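What follows is a set of notes on a single structure, which appears directly below.
The values are calculated or read from the model by the stated rules, or taken from the named source; none is laboratory data. It should be emphasised that the depicted structure is a prediction, and the values quoted were computed from it without experimental measurement. Cβ placement follows ideal geometry from the backbone for every residue including glycine, while neighbour counts extend to all protein chains displayed.
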Amino acid sequence: MVKAREHLRSQIQGLHAAGHSISHIATTLACDRKTVRKWIKAVPGRVQDAKRRGRPTKMSPKTKDKVRRVFKDKISPGLRRVSRALNFSPDYIEQGKTISHMTLSRYMRKTEWGKFAYKQVMKPLLSAKNVQDRLRFSQRMVAEGYTDDTTRGKLLRSHILFTDESPIELQPRVNKQNRRIRTSDPSTIKPEMRPKFPLKVMVAGGISRYGKTDLYVVPNHETVNGEHYRTHILPSYTTTINDSRVFPCSNLSVLMQDGATCHTARATLSQIGEEDVKVWTDWPGNSPDLNPIEHIWARLQDSVLKYPRPKNREQLILRVREEWESVTQTELWQLCDSFRSRILECVEKEGKHTKY
């Protein structure tokens, strides 16, 4: 249909250029004389329909500027609150103008900065000493070849046993802002029941490129102090390091542990020395982004929230163990080899937080 209209208009312009009258053109092409006059006056060669202006928008340049200042690159309020603030502003009241939150939403989706909304990631607060320690440790890793993209660098990274302990909660706190129920009768909404002290278990384990330790679950009503760590957790780490199937080059094996008191105690370091195991004693504080095992802990926590959720401690432990065993060799390889990019990014940012 569009091509037919454009063909007719080009014929009108062609006949007019050949010297034919308006009446002759209208009779020949079987169209109205007004149509002929219109396209004779048009710019020669332009036969397309003009772009429709469409419905006038409520987003004036002044309103767009206000919305941009409120939302762009900031932790901002909700769209409904902003639309109410605009509707009660002196300018809108004087003009008798209103705007809905959906209008704001449609405008923001068309902008480059408003298409997506991202959650703010929580990171531990780094002190000046933390930053210096992180940078010093990362520079040492670079100097010793752990970040080399060579066969030797990959071999060094494959002989690191990344270890840590982490709590897994059965009923963690949820973000209430995202939990909304739409109903005509709010009184029917039942409160969410959550115990004051939700059930949780403390787990400990280690991963390397070629394998992982057994997952240790701390018994109920016990804490991981120095004695408990040396008696129940550390032997699992040293046994894995001495396993030639996981660490074929024993002289390159190294134990990574953070600066927790039970890890840095003299008795602990002495026991590690007796086992003839190399250990990093300068792991920087507040540095979970440098430890690949943190991704495994997040995965274990997410598995607890899957349906059907565990109902007691035994089911919780069973679910966590099953998820730990489901970690594949490929995933271990990818996680442990990411240590290189973590260290290089930490050096690039001079000891500050990385993206991990």
For this session: Kindly indicate whether any position in the range 220-232 is on the phi > 0 side of the Ramachandran plot, in the same structural domain as residue 141 (by TED's automatic domain parsing), part of a loop (DSSP other than H, G, I, E, B) and at pLDDT below 95.
Result: yes
Exercise. Would you pick out the residues in the range 24-78 that are part of a loop (DSSP other than H, G, I, E, B), aliphatic (A, V, I, L, M) and touching a residue at least 12 places away in the same chain (Cβ under 8 Å)?
Worked result: 42, 47, 59, 75
Seminar exercise, completed: Pairing a residue in the range 276-289 that is crowded, with 19+ Cβ neighbours inside 10 Å with any residue that is of a type in the set (D, E, K, R), where Cβ atoms lie under 7 Å and the two sit 6 or more apart in sequence or on different chains, gives 283/258; 284/133; 284/134; 287/134
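Every residue, every condition in (1) assigned by TED's automatic domain parsing to the domain that holds residue 230; (2) touching a residue at least 12 places away in the same chain (Cβ under 8 Å); (3) surrounded by fewer than 14 Cβ atoms within 10 Å (Cβ to Cβ); (4) under 28 Å from residue 169 (Cβ atoms), yes or no:
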site	(1), (2), (3), (4)
255	yes, yes, no, yes
312	yes, yes, yes, yes
321	yes, yes, no, yes
324	yes, yes, no, yes
339	yes, yes, no, yes
343	yes, yes, no, no
353	no, yes, no, yes
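Conditions tested, residue by residue: (1) part of a loop (DSSP other than H, G, I, E, B); (2) surrounded by 16 or more Cβ atoms within 10 Å (Cβ to Cβ); (3) on the phi < 0 side of the Ramachandran plot; (4) in contact with a Phe, Trp or Tyr (Cβ under 8 Å, 6 or more places away or on another chain).
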{"position": "131", "(1), (2), (3), (4)": "no, yes, yes, no"}
{"position": "136", "(1), (2), (3), (4)": "no, no, yes, no"}
{"position": "139", "(1), (2), (3), (4)": "no, no, yes, no"}
{"position": "152", "(1), (2), (3), (4)": "no, no, yes, no"}
{"position": "173", "(1), (2), (3), (4)": "yes, no, yes, no"}
{"position": "180", "(1), (2), (3), (4)": "yes, no, yes, no"}
{"position": "196", "(1), (2), (3), (4)": "yes, no, yes, no"}
{"position": "203", "(1), (2), (3), (4)": "no, yes, yes, yes"}
{"position": "207", "(1), (2), (3), (4)": "no, yes, yes, yes"}
